[in-house]
1. Rounding to the nearest 10 and keeping the result within 0 to 90°, find how far the Cα-based axis of helix 555-565 lies from the longest principal axis of the chain.
2. Quick one: divide the alpha-carbon radius of gyration of the stretch 370-496 by 2.2 N^0.38 Å and tell me what you get.
3. Would you calculate a helix-derived [θ] at 222 nm for the chain, using -39,500 (n - 2.57) for each DSSP H run of n ≥ 4 and dividing by the full residue count, to the nearest 500?
4. Where a ≥ b ≥ c are the square roots of the eigenvalues of the C-alpha gyration tensor, would you call the stretch 402-461 rounded, which needs a/c under 1.5, or, failing that, prolate if a/b is larger than b/c, or oblate?
5. Can you tell me which of 336-343, 357-364 comes out highest on packing, and rank the rest after it, using the mean Cβ neighbours within 10 Å?
6. Which peptide among 519-527, 153-161, 112-120 comes first, and what is the full order, when sorted by highest mean count of other Cβ atoms within 10 Å?
7. Filter 141/402; 146/228; 228/406; 146/482 down to the pairs with a C-alpha to C-alpha distance above 30 Å, please.
8. Leaving out ligands, DNA and RNA, and with a 1.4 Å probe, what % of the accessible surface on the chain is carbon or sulfur?
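The values are calculated or read from the model by the stated rules, or taken from the named source; none is laboratory data. All of these numbers come straight from a predicted model, not from anything done at the bench. In this analysis, Cβ positions are derived from the backbone assuming ideal geometry, glycine residues included, and neighbour counts consider all displayed protein chains. Note: areas computed on protein heavy atoms with side chains; ligands, DNA, RNA excluded. Shrake-Rupley method; radii C 1.70, N 1.55, O 1.52, S 1.80 Å.
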Amino acid sequence: METRSSAEKGPLPDAQRVASGSLHRTTTAQSKADEAAGRQPRRPAMATIADDDDRLLVRIGYTPVLQRHFSRWSTVSYAISILGVLGSVPATFGSPISAGGPATAVWAWFFGSIMAYCIASSVAELVSAYPTAGGMYYVTKHVVPKESVAAWAWIIGWCNFLGQAAGVASLAYTISQMILATAVMHAPLTPEGVPSFTPTALQTVLLAILVLCLFGTICSFPTEWLHKIILWFAPINIIASICICIALLILTPNKQSAKWVFTEVTDGSGWGSKGFSFLLGFLSVAWTMTDYDGTTHMSEETHDAAIRGPVAIRMAILVSGIVGWILTVTFCFCMSDYEAIMSTPTGLPVAQIFLNAGGKTGGTVMWFFVILVQFFTGCSAALANARMAFAFARDAAFPFSKFWCKVNDLTRTPVNAVWLVVAFCSCLDLIGIGSTLTIVAIFNITAPALDISYIAVIIAHRWYENQVQFIPGPYTMGRWSKPVNAIAVTWVCFISVVLFFPPTKPVTPTNMNYAICVAGFIGFFSMVWWYAGARKTYVGPRTTDQIDMLPPEDPEDILSDYDHDLP
């Protein structure tokens, strides 16, 4: 990691240039006084000041309205919990194992985690320079020419918001499926030997909406409460994952061989190619290892966010990649009866693996922790989505934006934005009542939409780097930045195409991957909205007007005046 001072040659970005201007009179007066007293003149303050986040936020151009309570460990815990491997891997394990067999699940996760680390490192470098609730959406303002900011920010913002919303809705839906799978595990058997209870689409959706309301309730808590709660998310996730792996390996009879686990690749997709079936196995890791900038959406509630956010992002990918791979390998070893497990009446192969190993009681205990961690992941994702909605509304990108960006006087958190997310995600889940195909397509758009929003900013940064001066934050990859950026962009472009393919062949209306249709509709709708009127009112992140209004004095004095005016 390298650091770079704002005193380097080249024009400063708007926020830092104005900040330097606002400090000029103060530092000049101090220098003259020092010279008169025979002291060494003082150097101007740096653009990035450690442990002085509100001052930095003022320099960026936003008035601090949220409270900072997230510490180093709660930030790391949050970053790990938003990936939530113990919940996400069991929920998605069926896709790679059915597409290409056990070796596909194992090695797709391994290679996918490495690629995720490259994307996350690229994201971390950019958001370190501008740690705001907008995350990569706000960074857009400082990597493209001024005349292009509005269009770029509009596209990136909507991709990010909708991708996150689809992820939150899918997490709630998956938790609902997991809970109902537990009910199936405990249901009495019919004379034919099958469970007497089969969940309906209506039951799944209604339970998902209830879960979303629980997300909303927790995300409405004051930041100090959230900090104390989230501290426990990562430890429970990691400890439970390790204990479950040990329990499964001890309790499962007739485990599969290492050769079968690590080398068995099948053409379960029907596309006539084991290689292509292997590529389809990346769905699990792509769906789990995303939302990298979720941590940065909490930047305005985190101490020393310019450093702790990027560090937490990379640490989360590293820890989650290792734990997720161990879980995947363990599940493959424990597939003693492959056909029976894949055709389980619970609908989730891992639930059957737990049932086989621990019986109803032991299986339910292990399954409880899977559901619990998935709930943690849903809370974390909803929190990130709500802060993104707050940032987007703050810049007048929503209808009735002033209402959605309002901060609650009691909790000092954007409660209105939280419940906007809950309402929107509930509407997405309601589609599942009428069409399972459509709801699955919406969920499948999560990873491509988020990853494309990331690489779009990375591409813009590199494309315009000779026209737009970008001053890195405290975290930077130095000479490794461009190669890692290139790997991240290449991978996302490649894997996004793969993830839009139908998972099996022959392609029928039932197994068609409608994610590409959803992506096309979102793109068409957003462009129509843009040209119909949004381009006349939306100007991108609205910091310029606020910065221009700042008096020529030290931002520290501005913060003191602001704090004095608070009720």
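1. Roughly 80 degrees between the two axes.
2. 1.33
3. About -22000 deg cm²/dmol.
4. Values: a/c = 3.92, a/b = 1.17, b/c = 3.35.
Verdict is oblate for the stretch 402-461.
5. Going by the mean number of other Cβ atoms within 10 Å, highest first, we get 357-364, 336-343.
6. Top of the packing list down: 153-161, 112-120, 519-527.
7. Values: 141/402 21 Å; 146/228 41 Å; 228/406 24 Å; 146/482 23 Å.
Those over the limit are 146/228.
8. So the carbon and sulfur contribution to the accessible surface is 66 percent.
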